[in-house]
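The values are calculated or read from the model by the stated rules, or taken from the named source; none is laboratory data. Owing to the predicted nature of the structure, the values given are computational and were not obtained by experimental measurement. Backbone-built Cβ (ideal geometry, glycine too); neighbour counts: all protein chains shown.
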Amino acid sequence: MTPEDPSGRVVLLTTSHRVAPGLLSWPAWQALRTADRVLCADGAHPQLPYLREAGIRVEEASPTAEDLVAACAGGHTVVVVATGEGEPTLTDGLARLAGSGRVAMPELELLPASYDLPGARLLDLIQVMDRIRAECPWSSQQTHKGLAKYGIEEAYELVEAIEDGDRDELREELGDVLLQVVFHARIAEDDPDSPFSIDDVAATIVTKLIHRHPHVFGDATATTPEEVKEHWLRTKAVEKRRESVTDGIPLHQPGLALAAKLASRVRSADLEVPLPTAEGIGYELLALAARAESEGVDPEAALRAAARAYRDAIRGVEGVGD
């Protein structure tokens with residue numbers, strides 16, 4: 001805005017509800033302190049107590065676009081502290097006036113006063129889950145046991161998205177898996193005997209990751225993926241105080257994955273354990289799974305790929321298109 005320009009300036013100040021109120025950028029504080037007027041339509045806006053504590057006089061007002069243009073006449077600067085919706089009615093009105101060509105418009109500036117940190121949208125998910133848990137007749141009655149099957153389904157759908165190479169589907173399925181974590185953590189908050197929250201879940205995994213990565217957060221050294229895995233297994237064994245390398249392996253996982261996991265533990269521990277020699281297709285599958293693991297092949301993924309090829313062949317014989 002030049003000294004000859006009497007039309008003034010409008011600053012639309014936006015803030016993030018994911019950042020603590022009062023933590024504003026320096027340009028935002030400068031705009032607030034030098035403005036001729038500061039307006040806010042929401043008298044309960046979380047920033048207002050902090051602005052007033054800093055000596056900023058804020059008027060509770062909902063000006064129209066015409067009102068705002070008039071308030072800027074004479075070269076005045078008006079800062080509008082935007083509500084959570086971002087003042088769409090006001091901005092649409094200003095755009096309409098500017099497009100008419102009949103009004104001397106003030107300079108318009110959108111000034112973000114605070115920015116989200118990476119991961120900030122997780123706070124939105126937690127808030128949404130809180131409300132759903134409290135108000136949804138179905139969600140409010142769910143238990144860990146009742147949701148277990150959905151966790152398995154979502155995990156398989158995530159694997160399918162990865163194997164299909166579908167990025168949009170991958171993003172969606174990751175969200176569905178994340179929902180299961182947040183949902184279970186929210187249910188756990190209601191446990192009268194041993195409650196925990198999503199923050200407890202996050203704190204637990206952060207502690208585990210730091211402890212199992214001494215080459216990143218400590219003095220240990222690891223230059224290869226194999227050395228990293230050794231660190232992980234060694235610290236895990238100390239944490240769990242396991243008597244057997246088989247401890248902690250979930251026996252309810254798919255059979256091929258179970259067999260490969262057992263073979264992996266045996267190989268990592270440098271144990272000499274011959275495969276059972278009994279006859280039967282189960283033992284043949286066990287041998288194939290152990291062989292796949294030794295060759296760095298995921299037997300479950302390999303079988304799924306073969307099964308998909310078989311499915312395509314079946315559809316081809318049927319004359320069914322994709």
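List of remarks:
- Filter pass, GLU157 being more than 21 Å from THR14 (Cβ to Cβ) and either in a helix (DSSP H, G or I) or in the same structural domain as LEU39 (by TED's automatic domain parsing) (or both): yes
- Within region 203-223, the residues that satisfy the criterion of being exposed (fewer than 11 other Cβ atoms within 10 Å of the Cβ) and more than 19 Å from ALA185 (Cα to Cα) are ASP219, THR221, THR223.
- Scan of region 44-69 for residues that are of a type outside the set (Val, Ile, Thr), more than 35 Å from the chain's Cα centre (by Cα) and surrounded by 14 or more Cβ atoms within 10 Å (Cβ to Cβ), ordered by number: ALA61, PRO63, ALA65, ASP67, LEU68
- If only residues of region 23-43 that are in contact with a helix residue (DSSP H, G or I) (Cβ under 9 Å, 6 or more places away or on another chain) and not in a loop (DSSP other than H, G, I, E, B) are counted, the one that is surrounded by the fewest Cβ atoms within 10 Å (Cβ to Cβ) is ARG37.
- Within region 277-309, the set of residues being assigned to a helix (DSSP H, G or I), touching a residue at least 12 places away in the same chain (Cβ under 8 Å) and within 37 Å of the chain's Cα centre (by Cα) comprises ALA289, ALA290, ALA292, GLU293, SER294, PRO299, GLU300, ALA301, LEU303, ARG304, ALA305.
- Close contacts from region 92-103, counting a first residue that is closer than 16 Å to ASP67 by Cβ and a second that is assigned to a loop (DSSP other than H, G, I, E, B) and hydroxyl-bearing (Ser, Thr, Tyr), with Cβ to Cβ under 7 Å and a gap of 6+ residues or different chains, come to GLY93/THR64.
- Some residue of region 209-232 being within 25 Å of the chain's Cα centre (by Cα), within 27 Å of VAL128 (Cβ to Cβ) and in a helix (DSSP H, G or I): yes
- Subset of region 161-185 (residues that are loosely packed, with under 15 Cβ neighbours inside 10 Å and either in contact with a strand residue (DSSP E or B) (Cβ under 6 Å, 6 or more places away or on another chain) or of a type outside the set (A, V, I, L, M, F, W, C) (or both)): GLU163, ASP164, GLY165, ASP166, ARG167, ASP168, ARG171, GLU172, GLY175
- Hey, GLY93 surrounded by 13 or more Cβ atoms within 10 Å (Cβ to Cβ), in contact with a Pro (Cβ under 8 Å, 6 or more places away or on another chain) and over 21 Å from ASP124 (Cβ atoms) or not: no
- Residue check, ALA260 in contact (Cβ under 8 Å) with a residue 40 or more places away in the chain and either among the polar types (S, T, N, Q) or not in a loop (DSSP other than H, G, I, E, B) (or both): yes
- Set ILE187, ILE198: member being under 13 Å from the mean Cα position of the chain (by Cα), within 22 Å of GLN127 (Cα to Cα) and touching a residue at least 12 places away in the same chain (Cβ under 8 Å): ILE198
- Failed item, numbered, when ASP124 is tested on (1) charged (D, E, K, R); (2) within 30 Å of GLY175 (Cβ to Cβ); (3) in a loop (DSSP other than H, G, I, E, B): (3)
- Search result, residues across region 233-253 that are surrounded by 12 or more Cβ atoms within 10 Å (Cβ to Cβ) and assigned to a loop (DSSP other than H, G, I, E, B): ARG242, VAL245, THR246, GLY248, ILE249, GLN253
- Taking the listed residues ALA305, ALA292, the one that is closer than 11 Å to ALA260 by Cβ and either among the acidic types (Asp, Glu) or at pLDDT 90 or above (or both) is ALA292, with no other qualifying.
- Selected residue (only one of GLY8, GLY74 is in contact (Cβ under 8 Å) with a residue 60 or more places away in the chain and either acidic (Asp, Glu) or exposed (fewer than 14 other Cβ atoms within 10 Å of the Cβ) (or both)): GLY74
- Some residue of region 175-188 being closer than 30 Å to GLN142 by Cα, basic (Lys, Arg) and assigned by TED's automatic domain parsing to the domain that holds GLY151: yes
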